[in-house]
């Protein structure tokens, strides 16, 4: 007889999980505002590296307190290093992109990631074939993305210089979404899928910290331009609240609730991001961009739509 304790079956989100997911989406939506408000005090790549380094130490301490091994040889090193490099690439794009485009636009372009994730899983992970409704969602989301790019070229923003610079920032947002999706595909398609959340997250944070800080040194960004309470609060928010607490809570939810039912809430994050950008940074957007954002959100919702049970199946 096996002595292995079976994990509880994942269930549909209850009211607690729904409220927690809404809170997490708000936290993630505020992240772009926090980054942008600190870029003047801390160079972007250096800021990203500090964020990952602080969060990596916190995850290490958390895992140590719970007796979770992080350095055991379990055949995940290659995938872990790749996931970490992709994680670093994602945040290079986000932090540099936010020097060129608004937090509102970055939130929308970054959260095309679920669409790229669905495509990547379809192509590279067995058993993750896309359904027709997901293909429809990707088409709608990409149409919204194209409309948002067109809006960027047609709408000159005095706050961000030329439309070409803004378009470059938008493109970095899309590249960040692709890097995020690639990270997810690597995790899902490798032995990391069977590792603890702490180890998977530690790989991403520790490797990205090394890559980002080395890049900051090479670019001459290893400096602090201005120390302000806002900059310190923003860095603490990014490292402690976002990269440590919220990510661990997200992984905890995934162990107890059906992933597809949780993922549908991801469309709230860009909505929060746009709202916070308008309220806290005074950003504005056109009716065309609002229409584009709604298309992207509709596409994300369709991509994350749960599969319908077949008749006769339990």
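Bear in mind these aren't lab numbers, they're just calculated from the coordinates by the rules spelled out. These numbers come from a predicted model, not from an experiment. Note that each Cβ is placed from the backbone with ideal geometry, even for glycine, and that neighbours are counted across all protein chains shown.
For the chain, what does the helix formula give at 222 nm: sum of -39500 (n - 2.57) over DSSP H segments with n ≥ 4, over the residue count, nearest 500 deg cm²/dmol?
It comes out at -22500 deg cm²/dmol, rounded to the nearest 500.
Pairs of Cα atoms under 8 Å, at least six residues apart: use those to get the relative contact order of the chain, whole percent.
Values: 481 pairs, mean separation 127.0, N = 314.
Worked out over the chain, it gives 40 percent.
With springs connecting C-alpha atoms under 10 Å apart, model the chain as a Gaussian network and identify which of 272, 124, 116 has the largest mean-square fluctuation.
Highest fluctuation among the options: 124.
Nearest 0.05, what FRET efficiency do residue 124 and residue 146 give at R0 = 22 Å with Cβ-Cβ as r? Please list the in-between numbers first.
On the way: r = 25 Å, r/R0 = 1.13.
E(calc), rounded to 0.05, equals 0.30.
Just subtract the alpha-carbon distance of residue 278 and residue 230 from 0.36 nm times their residue separation and send over the number in nm, one decimal.
On the way: separation 48, 0.36 × 48 = 17.28 nm, distance 1.82 nm.
Extra length from residue 278 to residue 230 when fully extended: 15.5 nm.
Kindly provide log₁₀ I(q)/I(0) values, in the same order as q = 0.08, 0.14, 0.15 Å⁻¹, from the Debye equation applied to equal alpha-carbon scatterers of the chain.
The calculated log intensity ratios at q = 0.08, 0.14, 0.15 Å⁻¹ are -0.36, -1.13, -1.29.
Between residue 249 and residue 64, what is 0.36 nm times their sequence separation minus the Cα-Cα distance? Round to one decimal in nm. Can you show the working numbers first?
Numbers: separation 185, 0.36 × 185 = 66.60 nm, distance 1.74 nm.
Result for the pair: 64.9 nm of gain on full extension.
Return the FRET efficiency for the residue pair residue 241, residue 214: r is the Cβ-Cβ distance, R0 is 22 Å, and the value is rounded to the nearest 0.05. Before the final figure, lay out the partial values.
Working: r = 26 Å, r/R0 = 1.16.
FRET efficiency, residue 241 to residue 214: 0.30.
State, as an integer percentage, the relative contact order of the range 169-314 based on alpha-carbon contacts under 8 Å between residues 6 or more apart. Numbers along the way, then the final one.
Details: 32 pairs, mean separation 32.5, N = 146.
So the answer I get is 22 percent.
Could you tell me the distance between the Cα centroids of the range 169-194 and the range 132-154, to the nearest Å?
Distance between centres, Cα-based: 19 Å.
Looking only at 127, 78, 144, which one moves most when the chain is put into a Gaussian network model with springs between Cα atoms under 10 Å?
Comparing 127, 78, 144 in a Gaussian network model of the chain, the most mobile one is 127.
Roughly what would the spin-label model give for residue 222 and residue 136, points 7 Å off Cα along C-beta, in nm?
5.4 nm
Springs between alpha-carbon atoms under 10 Å, Gaussian network over the chain: tell me which of 258, 94, 54 tops the mean-square fluctuations.
Highest fluctuation among the options: 258.
Using 0.36 nm times the number of residues separating residue 40 and residue 74, minus their current alpha carbon distance, what extension gain do you get? Mind dumping the intermediate values first?
On the way: separation 34, 0.36 × 34 = 12.24 nm, distance 4.20 nm.
Fully extending the segment from residue 40 to residue 74 adds 8.0 nm.
Could you put 199, 36 in order, starting from the residue whose Cβ has the fewest other Cβ atoms within 10 Å? List each step's numbers first, then the result.
Working: 199 19, 36 24.
So the residues, fewest neighbours to most, are 199, 36.
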